[in-house]
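Heads up: the structure comes next, in structure tokens.
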Amino acid sequence: MPLVELTGVSKVFHSQSGPIQALTDCNVVVDEGEFLCIVGPSGCGKSTLLNIIAGLETPDSGSVLVKSKPVTGPGPDRMVMFQEAALFPWLNVIQNVAFGLKMAGMGRKERRERAVALLAMVKLSVFSRSWIHELSGGMKQRVALASALAHDPGILLMDEPFAALDAQMRDQLHVELESIWQKTGKTILFVTHNVREAVRLGTRVLLMTARDGRIKREYPIGLPRHRQLEDIDLVKIASVIRDDLRQEVIQSNKREYIV
Ligand SMILES: Nc1ncnc2c1ncn2[C@@H]1O[C@H](COP(=O)(O)OP(=O)(O)OP(=O)(O)O)[C@@H](O)[C@H]1O
Ligand SMILES: [Mg+2]
């Protein structure tokens, strides 16, 4: 039984410049425990796809099932992480991680224990009393990850979570996220502009088309873990996908010119 199943999903936005076909007939099946990376040119519909699975947007047509049940809105089984960490600046690190649990009615002792364990998992134990403004970008993303994991969601939806970080911090977070994924068995859907990042982390990479938001191709990634960004096989696969992506951008620019 697939964990997430999108069938014939389409979405049009009505903007000031006219209708925008954000997604067209998207069919995606994600199995439990997969690490699915989604790449595609800017504006191709990646975030829209993720937001529809998160229940933050509704499709115009098609069906979105999680564990065979239609998605009708956001839920604690699907946690979202964005490029900028969405944190509460008036709470310290551990209070941020425990906040959702408090809202869910979990007792003080239990949520504290849980938050302490999560902060250890994201390697932030020493900073548990720090304020958010005292943290680096990478540390903020770790707090966001711990907060998302607090609800023990089956599915993590990550929208370019490391795009704003420097290369070294990104590298470190790749290692940590991979280890958390392996330890917890979560299913991860991860949007990125960075093809090498996708090949490093993904069990599969989906490439979307430039203009109308279709799934163009999928690349299963069978490389052994733990992958390094410089691995020769990884670089080769990434360059095939990048060429495919480049063609997509060229085609889309041509179509724009003709229109
Ligand atoms: N709320 C909205 N109202 C109008 N148009 C929207 C809205 N959200 C997205 N769009 C449009 O839908 C298309 C797909 O947007 P989306 O944000 O999903 O792209 P993306 O692939 O995530 O882009 P990026 O890589 O730049 O983040 C874009 O053309 C965008 O302008
Ligand atoms: Mg986006």
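Quick notes
- Any pair with Cβ under 6 angstrom, 6 or more apart, that starts in region 143-162 at a residue that is within 23 Å of Asn194 (Cβ to Cβ) and ends at one that is more than 16 Å from ligand 1 (Cβ to nearest atom) and of a type in the set (Phe, Trp, Tyr): none
- Among the residues of region 154-168, those that are away from ligand 2 (no atom under 16 Å from the Cβ), modelled with pLDDT under 95 and closer than 22 Å to Lys46 by Cβ comprise Leu165, Ala167.
- The listed residues are Glu248, Glu218, Glu230, and the only one of them that is among the acidic types (Asp, Glu) and without any contact (Cβ under 8 Å) to a residue 12 or more places away in the chain turns out to be Glu230.
- Within region 14-36, the set of residues being within 13 Å of ligand 1 (Cβ to nearest atom) and closer than 22 Å to Gln251 by Cβ comprises Ser17, Gly18, Pro19, Ile20, Gln21, Ala22, Leu23, Thr24, Cys26.
- For region 175-186, a tally of residues being in contact with a Lys or Arg (Cβ under 8 Å, 6 or more places away or on another chain) and within 15 Å of Leu157 (Cα to Cα) returns 2.
- Val249 vs. criteria surrounded by fewer than 21 Cβ atoms within 10 Å (Cβ to Cβ) and not small (Gly, Ala, Ser): yes
- The residues in region 40-73 that are within 11 Å of ligand 2 (Cβ to nearest atom) and either among the β-branched types (Val, Ile, Thr) or surrounded by 22 or more Cβ atoms within 10 Å (Cβ to Cβ) (or both) can be counted, and the count is 7.
- Candidates are the residues of region 29-39 that are more than 16 Å from ligand 2 (Cβ to nearest atom) and part of a strand (DSSP E or B); the one that is surrounded by the fewest Cβ atoms within 10 Å (Cβ to Cβ) is Val29.
- Counting only helices (runs of 4 or more DSSP H) that sit wholly inside region 82-197, those with at least 3 residues that are open to solvent by 10 Å² or more (accessible area, probe 1.4 Å) and closer than 30 Å to Pro224 by Cα are 108-121, 137-150, 167-184.
The values are calculated or read from the model by the stated rules, or taken from the named source; none is laboratory data. Note that this is a predicted model, so its numbers are computed, not measured. All Cβ positions, even for glycine, are placed from backbone atoms using ideal geometry, and neighbour counts span all protein chains on display. These area figures cover heavy atoms from the full protein model, side chains too; ligands, DNA and RNA do not enter into them. Shrake-Rupley method; radii C 1.70, N 1.55, O 1.52, S 1.80 Å.
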